[in-house]
Amino acid sequence: MRTLTSLLTATAITAVATAAAQAGSHSQKWDMPMAYSASNFHSAVGAEFAECVTTGTMGAIEIVTHPSGSLFPGAQIKRAIQTGQVPIGERLLSGHQNENALFGFDSVPFLATSFDDAEKLWKAAKEPLEKLLESQNLTLLYSVPWPPQGLYFRDEVNSVAEMEGIKFRSYNNATSRLAELTGMLPVTIEAAEISQAFATGVADAMISSGSTGYDRKVWESLNYFYEVDAWLPRNYVMVNSQVWADTSDENKAVIEGCAGLAEYAGFWRAKEYTQFTLNGLKEGGMTVQPASEQMVNELKEIGETMTAEWLEAAGEDGQAIVDAFKAMQ
Ligand code: PCA
């Protein structure tokens, strides 16, 4: 009997020791590319998310963030996750509007122009977006909005006619289309490259949040920011679906918990960062003011054209998102 007990004990100890050794050998490092500057709130939230996962899984999964496009430039991050070059990463998904119009639901001009409406629109779009991502081998973990989008110019501009011929930095299809419809010349440039693009005259204008202008110190080149509140695009953190399927239920629960916290914290930070960064642009010497009534009205007309174009491209799924969003008003 005693022999049996000690044998069982010994077996149990061996089993525990083996499990511990396996956990050690299975502990994984997940590199997480991110496109925006380390000081940006999305990157700060991502770093906290990474720490939360590392702590919560007791090191079984260690997430290491790489902000500012240092591991992969923004445009390559989604593909890198899809193909398993990295397990996880963050990307502005409207950057992939050219693959599928649905990715551009958050960049339809004047559809959702406040944080509250952007949250409603996200509720309406989340399920179809998750499905679309799943079909591309990607599992959505969390999503955080950018502050409202306004127009930056080197020189004063008060109407669409004055935009004619200006070189305009774009970051997705919607922003390129906006440039075309206002007579500007679009050139696609990642946020990480804009300071140089403005300094060297590759571009003289863009639409973005106060946040990106602040992060990239654009007051060194540009002089005007017009608040337009055209839309609030979103960033997404996604994991490769195969990697996700291979993750234990315990670790999935930790990651989902950390993702929920990150989404909540990110939303509030985005809100708080809005005025802070507009003040920062002013302190940097820029004129920061609401766009003139004429400019807003002209942009709204262009917005209607772009909305119709998006609805046509996004088909029934796009219409369903807009209908669900409007039903929440
Ligand atoms: N900043 C990002 C996307 C939206 C925003 O506010 C950028 O300009 O690239």
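By how many degrees, between 0 and 90 and to the nearest 10, does the Cα long axis of helix 115-134 differ from the longest principal axis of the chain?
Roughly 60 degrees, rounded to the nearest 10.
Per q in 0.24 Å⁻¹, report the Debye log10 I(q)/I(0) for the range 143-184, using one uniform scatterer on each alpha carbon and no solvent.
-0.89
Based on the Kirkwood radius over alpha-carbon pairs, what value in µm²/s does the Stokes-Einstein equation return for the translational diffusion coefficient of the range 101-170 at 4 °C and 1.567 mPa s?
88
So if each residue of separation counts as 0.36 nm, and I subtract the Cα-Cα distance between residue 283 and residue 268, what length gain in nm does that give?
Contour length minus Cα-Cα distance gives 3.1 nm.
Using a 1.4 angstrom probe on the protein heavy atoms only, line up 202, 228 by accessible area, largest first.
Working: 202 70, 228 20 Å².
Sorted by accessible area, descending: 202, 228.
Roughly how tilted is helix 41-56, in degrees to the nearest 10 and between 0 and 90, from the longest Cα axis of the chain?
On a 0 to 90 degree scale, this one is about 10.
Ratio to report: Rg/Rh of the range 130-244, with Cα atoms as the point set and Rh obtained by the Kirkwood method; give two decimals.
Details: Rg = 16.1 Å, Rh = 15.3 Å.
Looking at the range 130-244, the ratio lands at 1.06.
Quick one: dipole size for the range 170-308, taken about the Cα centre, charges +1 on Lys/Arg Cβ and -1 on Asp/Glu Cβ, in debye to the nearest 20.
Computed about the Cα centre, the dipole is about 180 debye.
Starting from the Cα of residue 293, step 7 Å along the direction of its Cβ; do the same at residue 311; then give the gap between the two resulting points in nm.
Once both label points are built, they end up 2.8 nm from each other.
Calculate, in whole percent, how much of the Cα-Cα pair population of the range 49-208 lies beyond 29 Å.
Summing the P(r) tail past 29 Å for the range 49-208 gives 27 percent.
Calculated FRET efficiency, residue 319 and residue 79, Cβ-Cβ r, R0 30 Å, to nearest 0.05?
Values: r = 29 Å, r/R0 = 0.95.
It comes to 0.55.
Go through 158, 187, 310 and say which Cα lies farthest out towards the positive end of the charge dipole of the chain; charges sit on Cβ, +1 for Lys and Arg, -1 for Asp and Glu.
Checked the options; the winner is 187.
For the range 182-268, what Kirkwood radius comes out of the mean inverse Cα-Cα distance, in Å?
16.3
Could you work out the helix-only [θ] at 222 nm for the chain, with each DSSP H run of four or more residues adding -39,500 (n - 2.57) and the total divided by the number of residues, to the nearest 500 deg cm²/dmol?
Dividing the helical sum by the residues of the chain leaves -17000 deg cm²/dmol.
Past 23 Å, Cα to Cα: identify those pairs from 217/271; 167/300; 78/217; 78/126; 167/217; 78/131, in the order given. Numbers along the way, then the final one.
Working: 217/271 20 Å; 167/300 21 Å; 78/217 27 Å; 78/126 18 Å; 167/217 19 Å; 78/131 15 Å.
Where the Cα-Cα span goes over 23 Å, the pairs concerned are 78/217.
In whole Å, what are the Cα extents of the range 173-329 along the three principal axes, biggest one first?
Between the extreme Cα coordinates on each principal axis of the range 173-329 lie 52, 38, 30 Å.
Can you tell me the accessible area per residue over the chain, all protein chains present, probe 1.4 angstrom, in square angstrom?
With the other protein chains kept in place, the chain gives 45 Å² per residue.
Could you tell me what percent of the accessible area of the chain is made up of carbon and sulfur, with a 1.4 Å probe and every protein chain present?
52
Please report, in debye to the nearest 20, how large the charge dipole of the chain is about its Cα centre when each Lys and Arg carries +1 at its beta carbon and each Asp and Glu carries -1 there.
1040
Report the per residue volume, in Å³, of the convex hull enclosing the C-alpha atoms of the chain.
Working: hull volume 46.0 nm³, N = 329.
Per-residue hull volume (Cα only) is 140 Å³.
Which whole-percent values make up P(r) of the range 269-319 when all C-alpha to C-alpha distances are grouped in 10 Å steps starting at zero?
21, 24, 31, 21, 3
Apply the Debye scattering formula to the range 75-126, with a single equal point scatterer on each alpha-carbon and no solvent, then give log10 I(q)/I(0) at q = 0.13, 0.25, 0.32 Å⁻¹.
These q points yield log10 I(q)/I(0) values of -0.39, -0.96, -1.17.
The values are calculated or read from the model by the stated rules, or taken from the named source; none is laboratory data. Note that the structure is predicted; figures quoted are calculated from it, not measured. For neighbour counting, all protein chains shown are included, and Cβ atoms are generated from backbone atoms with ideal geometry for every residue, glycine included. Areas reflect the complete protein model, heavy atoms only, side chains present, ligands, DNA and RNA absent. Shrake-Rupley method; radii C 1.70, N 1.55, O 1.52, S 1.80 Å.
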